[in-house]
1. Determine whether the range 4-24 contains at least one residue that is of a type in the set (Lys, Arg), in contact (Cβ under 8 Å) with a residue 24 or more places away in the chain and open to solvent by 40 Å² or more (accessible area, probe 1.4 Å).
2. Look through 39, 59, 76, 44 and report the one residue that is under 15 Å from residue 2 (Cα atoms) and in contact (Cβ under 8 Å) with a residue 12 or more places away in the chain.
3. From the list 34, 47, which residue is among the small types (Gly, Ala, Ser) and either surrounded by 11 or more Cβ atoms within 10 Å (Cβ to Cβ) or modelled with pLDDT of 90 or more (or both)?
4. Considering only residues that are under 17 Å from the mean Cα position of the chain (by Cα) and either β-branched (Val, Ile, Thr) or at positive phi (or both), which ones fall in the range 1-36?
5. Given the criterion open to solvent by less than 80 Å² (accessible area, probe 1.4 Å), out of contact with any Ser or Thr (no Cβ under 7 Å at 6 or more places or on another chain) and not β-branched (Val, Ile, Thr), identify the matching residue among 77, 62, 66.
Amino acid sequence: MTIKNKFYLLLSILVLLLTFVAILQEFETILFIGFETEIIWIPIWIGVVFLPLLNVYEIAVNPEKNNMYYWFGLLINSSTIVFMIRYFKIELLP
């Protein structure tokens, strides 16, 4: 039995918790790739970009298996994206 599905779910939960910590507390500000950001947002952005892609890939590659962990991870990733959009006040529609 593979533990990859549980690992992706654990990473998704960790990124969500890091998002809540980043929203509620202030950290040291650094200059990263031309942007001034708090240091905690760097791993959060990396997780928000790659974890949904990994979960969707695993769901698409293994459609006959039980993909409940991947679906829960994708749901958690979606909620993390919503919290980040609200925190950074990103307007998707004019």
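The values are calculated or read from the model by the stated rules, or taken from the named source; none is laboratory data. Not measured: the values here are computed from a predicted model. Cβ atoms come from the backbone with ideal geometry, glycine included; neighbour counts cover every protein chain shown. We work out accessible area using only protein heavy atoms, side chains counted, and drop any ligands, DNA or RNA first. Shrake-Rupley method; radii C 1.70, N 1.55, O 1.52, S 1.80 Å.
1. Checking the range 4-24: at least one residue is of a type in the set (Lys, Arg), in contact (Cβ under 8 Å) with a residue 24 or more places away in the chain and open to solvent by 40 Å² or more (accessible area, probe 1.4 Å).
2. So the residue among 39, 59, 76, 44 that is under 15 Å from residue 2 (Cα atoms) and in contact (Cβ under 8 Å) with a residue 12 or more places away in the chain is 59.
3. That would be 47, the only listed residue that is among the small types (Gly, Ala, Ser) and either surrounded by 11 or more Cβ atoms within 10 Å (Cβ to Cβ) or modelled with pLDDT of 90 or more (or both).
4. The answer is 13, 15, 19, 21, 23.
5. The unique qualifying residue is 62.
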